[in-house]
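The values are calculated or read from the model by the stated rules, or taken from the named source; none is laboratory data. As the structure is a computational prediction, the values presented were derived from the model and not from experiment. Cβ coordinates were reconstructed from backbone atoms using ideal geometry, including for glycine residues, and neighbour counts include every protein chain displayed.
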Amino acid sequence: MQPALAPETNAAATRVLAQLGIQLVAAPEAGCCGAIDQHLAAPDAAKAAMRRNIDAWWPYLEQGAEAIVMTASGCGSLVKEYGHHLRDDPAYAKKAARVSSLTQDLAEVLAREDLSHLRRGAPQRVAFHPPCSLQHGQQVRGVIEAILTGLGHELVPVQESHLCCGAAGTYSLLQPELSGQLRERKLGHLQAAKPDLIATANIGCQSHLAAAGGVPVAHWITLLN
């Protein structure tokens, strides 16, 4: 979904990583991570997507690729669990475990780099929404916030940052009323301090919040570019 709705995200990630001397290699045969099927209680379809992606990535891992980088935390949360979901598959268990061990959110990659020489735009007042898939699923907390403040942006306080925005994979489609209530509550907190923009780390959250908010919503990597 992200390449269609927000192509600027991967483009920005590519430019930032290039500035840091990190080469990206595309795997054109890879597709959906399988999260949507997993959300919809279709585990066989999800596992088929997992196997397809493992087959697509595996040649590059054998050639020395050091990480599988995710710019959407919802995808990263599931790919980090490939090893668990395919643990009983004799043909894929070991490969899936390796894929999961090498999968990193973009923020985890950048947190290890010296970002001081990146080109900086004007500092902005940012309300950051940490997706559930990042802070609860992957247990990655405070990393993006530290990157943004380290580059001169001001993060405004946001109440109840641990709560879901209502996107939750397919939840916004299957439970629109409850999803809308969660979004209204979340946007109230995100917009309370009148930020210049709202930043997040998952295309589902980004699209869901942008559809009803009065403040622009963007993936956080675009602030580094």
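Taking region 1-40 and the helices (runs of 4 or more DSSP H) fully enclosed by it, the elements with 3 or more residues that are closer than 16 Å to Thr170 by Cβ are at 35-39. Say whether the condition of being over 19 Å from the mean Cα position of the chain (by Cα), basic (Lys, Arg) and surrounded by 19 or more Cβ atoms within 10 Å (Cβ to Cβ) is met by at least one residue in region 47-69. Checking region 47-69: at least one residue is over 19 Å from the mean Cα position of the chain (by Cα), basic (Lys, Arg) and surrounded by 19 or more Cβ atoms within 10 Å (Cβ to Cβ).
Of all residues in region 172-193, those that are under 15 Å from Ala127 (Cα atoms) have Cβ atoms under 9 Å from Cβ atoms of residues that are among the basic types (Lys, Arg), 6 or more apart or on another chain, in Ala193/Arg125.
Kindly evaluate Gln104 against the criterion of being within 25 Å of Leu20 (Cβ to Cβ), loosely packed, with under 14 Cβ neighbours inside 10 Å and either assigned by TED's automatic domain parsing to the domain that holds Asn202 or not aliphatic (A, V, I, L, M) (or both). Spelling it out, it is not the case that Gln104 is within 25 Å of Leu20 (Cβ to Cβ), loosely packed, with under 14 Cβ neighbours inside 10 Å and either assigned by TED's automatic domain parsing to the domain that holds Asn202 or not aliphatic (A, V, I, L, M) (or both). One residue is enough: does region 148-170 have a residue meeting the conditions part of a helix (DSSP H, G or I), within 30 Å of Glu81 (Cβ to Cβ) and among the hydrophobic types (A, V, I, L, M, F, W, C)? Yes, region 148-170 contains at least one residue that is part of a helix (DSSP H, G or I), within 30 Å of Glu81 (Cβ to Cβ) and among the hydrophobic types (A, V, I, L, M, F, W, C).
If the condition is being surrounded by fewer than 24 Cβ atoms within 10 Å (Cβ to Cβ) and not basic (Lys, Arg), then region 80-94 contributes Glu81, Gly83, His84, His85, Leu86, Asp88, Asp89, Pro90, Ala91, Tyr92, Ala93. Taking residues in region 1-27 that are over 24 Å from Ala167 (Cα atoms), and partners anywhere that are loosely packed, with under 13 Cβ neighbours inside 10 Å and of a type outside the set (Gly, Ala, Ser), the pairs with Cβ atoms closer than 7 Å and at least 6 places apart or on different chains are Thr14/Leu24; Leu17/Leu24. Of all the criteria given as (1) more than 17 Å from the chain's Cα centre (by Cα); (2) touching a residue at least 24 places away in the same chain (Cβ under 8 Å); (3) within 24 Å of Asn10 (Cα to Cα), the one not satisfied by Phe128 is (1). All conditions but one from (1) in contact with a strand residue (DSSP E or B) (Cβ under 8 Å, 6 or more places away or on another chain); (2) under 25 Å from Glu8 (Cα atoms); (3) touching a residue at least 40 places away in the same chain (Cβ under 8 Å) apply to Ala167; the one that does not is (1). For region 15-28, check the following and say yes or no: at least one residue is crowded, with 20+ Cβ neighbours inside 10 Å and either under 26 Å from Phe128 (Cα atoms) or not assigned by TED's automatic domain parsing to the domain that holds Val217 (or both). Yes, some residue in region 15-28 is crowded, with 20+ Cβ neighbours inside 10 Å and either under 26 Å from Phe128 (Cα atoms) or not assigned by TED's automatic domain parsing to the domain that holds Val217 (or both).
All of (1) assigned to a helix (DSSP H, G or I); (2) at pLDDT below 95; (3) farther than 21 Å from Cys32 by Cα hold for Gly188 with one exception: (2).
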